[in-house]
Amino acid sequence: MVHTLRADGASAPLAPGDLLAELNRTAQRVAGERQVRVDLPGLAPAVSRDAELALVRIAQEALTNVVLHSGADSLNLSLREVEGSVLLDVVDPGPALERAVSDGSGGNGLVHMRERALAVGGNLRVGPDGEGWRVSARVPLAIANEGDGRG
């Protein structure tokens, strides 16, 4: 449908390149004035392109939730290899805002993050972490990435 609507016939990429490599910049942009401690490996773990996109979108949503629902002036984002999987953690030390800011989305962020993780064979765990909140997404490492130029 988008292709049909584009008058010039040019197609836009579905996702930018090197998504995990851009995660630090993305975290800084989404978190706004909050200090973000980003712990990313020197080389991104070998995950499928779909899993990579899911991880970045989950991180974006989790960071957006911190902005909307937390009074924290800092947060932590980490990505690491754990037991044949890649684990993304976004930790907000809190405290929660007394009156959370609404973004008008109807509160589907957690549902969407969970759906993204499940779609790539992973899982999502969310919940309180001290005074704050933790979002942990785990996706399997790619064994073979045929067709996308990796692995």
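Ordered from highest to lowest accessible area with the whole protein assembly present and a 1.4 Å probe, D39, D92, D73 read as D73, D39, D92. In plain terms, the chain from D129 to V111 could stretch by 4.6 nm, reckoned as 0.36 nm per residue minus the Cα-Cα distance.
What the Cβ-Cβ distance of L68 and D39 gives, at R0 = 22 Å and to the nearest 0.05, is a FRET efficiency of 0.40. Ordered by solvent-accessible area of protein heavy atoms (1.4 Å probe), largest first, the residues R80, R25 come out as R25, R80.
Between amide H atoms placed 1.01 Å from N, distances below 5 Å from L141 occur with S85, V86, all of them 5 or more places distant or on a separate chain.
The Rg/Rh ratio for the range 32-99 is 1.02, where Rg is the radius of gyration of the alpha carbons and Rh is the Kirkwood radius. Where in the range 47-91 does the label zone of L97 land, with the point 7 angstrom along Cα→C-beta and an amide N cut-off under 17 Å? Label zone hits: 61-75.
The values are calculated or read from the model by the stated rules, or taken from the named source; none is laboratory data. Note that the coordinates shown come from a computational prediction; the quantities given were computed from them, not determined experimentally. With ideal geometry, Cβ positions are generated from the backbone for all residues, glycine too; neighbour counts draw on all protein chains shown. Each accessible area value is taken on the protein alone, full model and side chains, heavy atoms only, with ligands, DNA and RNA left out. Shrake-Rupley method; radii C 1.70, N 1.55, O 1.52, S 1.80 Å.
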